[in-house]
1. Please verify whether B:Tyr214 is touching a Pro at 6+ places or on another chain (Cβ under 9 Å) and facing chain A (nearest Cβ under 10 Å), treating the condition exactly as stated.
2. Considering only region A:159-171, I want to know if a residue exists there that is over 18 Å from A:Glu11 (Cβ atoms), modelled with pLDDT under 95, within 14 Å of chain B (Cβ to nearest Cβ) and not in a helix (DSSP H, G or I).
3. Look at A:Ile82 and say whether it is more than 14 Å from chain B (Cβ to nearest Cβ), β-branched (Val, Ile, Thr) and not in a strand (DSSP E or B).
4. Go through region B:113-136 and report how many residues are closer than 30 Å to A:Ser332 by Cβ and more than 14 Å from chain A (Cβ to nearest Cβ).
5. Residue under question is A:Val360, and the condition is that it be within 13 Å of another protein chain (Cβ to nearest Cβ), under 24 Å from A:Lys465 (Cβ atoms) and not basic (Lys, Arg); does it hold?
6. Quick one: in region A:141-155, which of the residues that are in a loop (DSSP other than H, G, I, E, B) and of a type in the set (Gly, Ala, Ser) is nearest to the other protein chains (Cβ to nearest Cβ)?
7. Could you name every one of the helices (runs of 4 or more DSSP H) located completely within region A:188-263 that has at least 1 residues being more than 14 Å from chain B (Cβ to nearest Cβ) and of a type in the set (Phe, Trp, Tyr)?
8. Scan region A:172-187 residue by residue and report those that are at pLDDT 95 or above, part of a strand (DSSP E or B) and among the charged types (D, E, K, R).
Amino acid sequence: MPDLLLELFCEEIPARMQAGAAESLRKLVTDALVERGLVYEGAKAFVTPRRLALAVHGLPAQQPDTHEERKGPRVGAPQPAIDGFLKAAGLASIDQASIESDPKKGEFYVARLHKHGRATPDVIAEIVPAVIRAFPWPKSMRWGKGSSSPTTLRWVRPLQSILCTFGPETEEPEVVPFEVDGLRSGDTTRGHRFLSEGTIRVRRLEDWMAKLEAAFVVVDRERRKDIILADAKDLALAQGLELVEDAGLLEEIAGLVEWPVALMGSFDPAFLDVPDEVIRATIRANQKCFVLRNPATGRLANRFILVSNLVASDGGAAIIAGNERVIRARLSDAKFFWETDQKTNATVPLAERLERFGNVTFHEKLGSQLERIRRIAALARELAPVVGADPDLAEQAALYAKSDLRTEVVGEFPEVQGLMGKYYARLEGLPEEIAAAAEEHYKPQGPTDFVPTAPVSVAVALADKLDTLVGFWAIDEKPTGSKDPYALRRAALGVVRIVLENGLTVKLAPVLLNIFGRIILEIRESIYSDRAVKVPPQVVSELEAIWIDGSELSRKETFFFEAFRRLIVENPAFFPSVVAIRDDLLSFFADRLKVHLREAGARHDLVDAVFALPGQDDLLLVVKRVEALGRFLSTEDGRNLLAGTKRAANILRIEEKKDGVTYEGGVDVVLLHEPEERALAEAIAALGPRIEAALGAEDFEAAMALLAGLRAPVDAFFEKVTVNAEDARLRENRLRLLADIRAATRSIADFDRIEG
Amino acid sequence: MIDPALPPHMRPDKSFQGLILALHAFWADKGCVVLQPYDMEVGAGTFHPATTLRALGPLPWKAAYVQPSRRPKDGRYGENPNRLQHYYQYQVILKPSPADLQDLYLASLEAIGIDLRLHDVRFVEDDWESPTLGAWGLGWECWCDGMEVSQFTYFQQVAGFECAPVAGELTYGLERLAMYVQGVENVYDLNFNGREGDEKVTYGDVFLQAEQEYSRHNFEHADTDMLFQQFRMAEEAAAKYLEAGWEDGTKARHLMAQPAYDQCIKASHVFNLLDARGVISVTERQSYILRVRELSRACGAAWLATAAGGTPAP
């Protein structure tokens, strides 16, 4: 079976786009082939900085022939109908159609169309130019003489040549002839920009790979990565050092070279005074080099590994010297920043440094960073007892935690924020808890990131994330679809993970109102200062109604502010729209928790069943309940009770709909005729208060065990008692009894939402 | 490869001016008109009308020139070995972009002494955008052994207009490149005239005092009241010349695009000075940028209605 080889040779493709482009090329071409009846055995895409290529293996030489029958009008139909049929079927005259008969329709015309499959190269010549013209580059451009024409080809960078061959393994393949914007397909390519000269004629995939390899091009991206990694490790090992691996950097470098040559350079050990992370950030971001670790000390060594694209005639000496120069200059800058920061910290008191955040806008509708830091500090203090932290320390830590954002080092390398806070706190002689919180309060950054456990860090981390969430909810900047510019999903998941993994009991509803009480004051400020604010109008009017001549009050009159905040927390009923925002945010937490638990293997229907109960704002309790429920439902009692409850709920749903009423409580003991219904009523009556007590003590295991006691009476009831009795009074009483079953189970979870 | 006939003091790897002369010789040989710097203060070689305006319209154009560039904010009182508030860019503009532009660029590196079998030259993605000029393009920063030595851009849009055809722009950072080929760590140590001993003149001899003086001026003393006024005046003058330049009051032909564009350049530089003085807030900043962009857009429209912009005289 013949193979296709396609190579699009162009000027340097941005590294970050290469992997996606290879996948797009494979998918677009192979989908188009299959769509046209050309199924293949295998396909693989290749990408280097200068070429995008695709090999499709095992294609047929031509499309399969197709046979189509097209039914036409009956014999003797009016001429226009016949003409229309001829035209549609592509027939010259009606003689070319055959006549068939059908008992219902009588005699009618049928056109039998045999279409010969086209030769595969013809199909490829049609597909490839279309794929090239519509290629989904994230950004594309025009170039050269033709660029004035509106139909000019757009490509990521100028496209220089196209190689396209097709043929069976045993024969000389042919060039698939086509033209795109003046470029004619051919069977030649070029090798490495500097290590190879002239054009190279290529027949098929193996040939292409081998010839390019000889011309200093490793076409397979994964192989380039393997080479880089192995060579870098070898170089490190030879010096008794370890490579600090970096998958993202490896990806990028593999997209910057066709012929990777790893080389080792060094820098002045005096630069090692700068924290490792800063050295690494400097060398990685600016120079795209790897750093090395000394296994004896665990710290960085004064070496780096660069990956050049050249086998240099001097063995790489000039390349190393050049890179060392640039790295020296960069590290001098980093060292200067690091020392400047320390000088500033030593001479400017923390309070004064904090004041400088007054000029930094956190978000135009949410005030300055300073205001935000103060809110976080107040909240961290309030949360401290809940998480077992010292309130003073938690507050101090929160006031310090963001201070590194204004340092030179973080200004240059935002990725070391937090970490620098930790270093600077230590250098300033602050307690270790504060240093740790400066780093850890940003965590966790995702589903697998480290979760802080030190109480002070936990208090600041929670305060930071909750303030962010309430703030953006208050100004209605919630995540939508794939858009989450403020990473609010991550913040909420962070709260979920911190709470669960530390086993914290936090009632979120009042905490959220408390934060809202503080933030709304910022928002109110911005309303009066006429900043463009998108606050729900009801919130403003509620606020204004409560605010005693608010416009006259300066925000410095903290008494009123405190009173106002307390009012929101203690009397949320005055602020229905604030409560609506809070509830919306709570349900956002519920969603994050659901995702989190589902990923941990919990059944999402159980999570739903628990969240269906009102007032679920204690994440830890929700999880405990879900877990207990899962265990209960895996017992026979649990499964049977679930079935019984569902049966009861189903009957109720149908009958309630029929009667147009909702049954709840009010079982009349006198009307309980059958022993089974009496037994059930007694069981429910006896268990009810005990279940309630167990739930009150948050002992879900006990509550479930008690609930299990209902199983036998429920089963017996359904076996012996007819709910829809003739006597209307009996029927209603029995429906009320079913409602009691529903109510008893609902104290634990909404069994209706449980599957199975 | 460096011309072997050159005496030592003229060599591009021994002398700053030798580097400029080698680039001039190289691009003159490729058919460029070798221009002199524009006689106004600009932030980059792109502002020269030979690039901004000539990049617009259908007519072919090839030019090369040195442009002194002023970035008031980058002043460091002569204390930083790599940063200057006044430096030189070598600018090449080729319209339409030739098919072998990358090869031409690499050959120019060889002409100034960068051996491509010894040095690792790479094209690393870097898309260019000038918000004040309403211009953008795609291309690379060109690395030599890990150092960025040039900017390589295919202009897609200038002054808010599509470039048709597209021009290729090369910008060499001359000081950086000279430091590299001369093997010097501090810009002020660059050999300017290629001589040794008593006859040697360094970059510092020529520019150190100026860097100190202009840093004081840019950060501490530049008269902001005057500058605010100058910005307004330049803006108003540009609008006036643009308006007056339309022939017969119709918008078919323009007779004064270049004088109007001078005022746009002026406004841009004055804005940079105000920015360095720290008297423009973050929110205001955006509005100033937009005002300059409006001017450059209007100048671009006027240019397109001139003969050199592709509208022939009747």
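The values are calculated or read from the model by the stated rules, or taken from the named source; none is laboratory data. Everything numeric in this text was worked out from a predicted model, so none of it was measured. Neighbour counts run over all protein chains shown; Cβ positions are idealised from the backbone, glycine included.
1. Working: touching a Pro at 6+ places or on another chain (Cβ under 9 Å): yes; facing chain A (nearest Cβ under 10 Å): no.
No; evaluated as a whole, the condition is false for this residue.
2. From region A:159-171, those over 18 Å from A:Glu11 (Cβ atoms) are A:164-171; that's our starting set.
Narrowing the set further to residues that are modelled with pLDDT under 95 leaves A:167-171.
Of the ones still in play, those that are also within 14 Å of chain B (Cβ to nearest Cβ) are none.
Taking every residue of region A:159-171 in turn, none turns out to be over 18 Å from A:Glu11 (Cβ atoms), modelled with pLDDT under 95, within 14 Å of chain B (Cβ to nearest Cβ) and not in a helix (DSSP H, G or I).
3. yes
4. Residues of region B:113-136 closer than 30 Å to A:Ser332 by Cβ: B:113-116, B:118-130.
Right, trim to more than 14 Å from chain A (Cβ to nearest Cβ) and you get B:130.
Qualifying residue count, region B:113-136: 1.
5. On the way: within 13 Å of another protein chain (Cβ to nearest Cβ): yes; under 24 Å from A:Lys465 (Cβ atoms): yes; not basic (Lys, Arg): yes.
Answer is yes for this residue.
6. First, pick out the residues of region A:141-155 that are in a loop (DSSP other than H, G, I, E, B): A:142-144, A:149-154.
After this cut, where a residue has to be of a type in the set (Gly, Ala, Ser) as well, the list is A:144, A:149.
Values: A:Gly144: 5, A:Ser149: 8 Å.
Across region A:141-155, the extreme among qualifying residues is A:Gly144.
7. Working: elements: A:205-214, A:221-238, A:247-254.
In region A:188-263, A:205-214 are the helices (runs of 4 or more DSSP H) which contain 1 or more residues that are more than 14 Å from chain B (Cβ to nearest Cβ) and of a type in the set (Phe, Trp, Tyr).
8. Pass one, region A:172-187, residues at pLDDT 95 or above: A:175-180, A:183-187.
Narrowing further to those that are part of a strand (DSSP E or B): A:175, A:179-180, A:183-186.
Listed by number, the residues that qualify are A:Glu179, A:Arg184.
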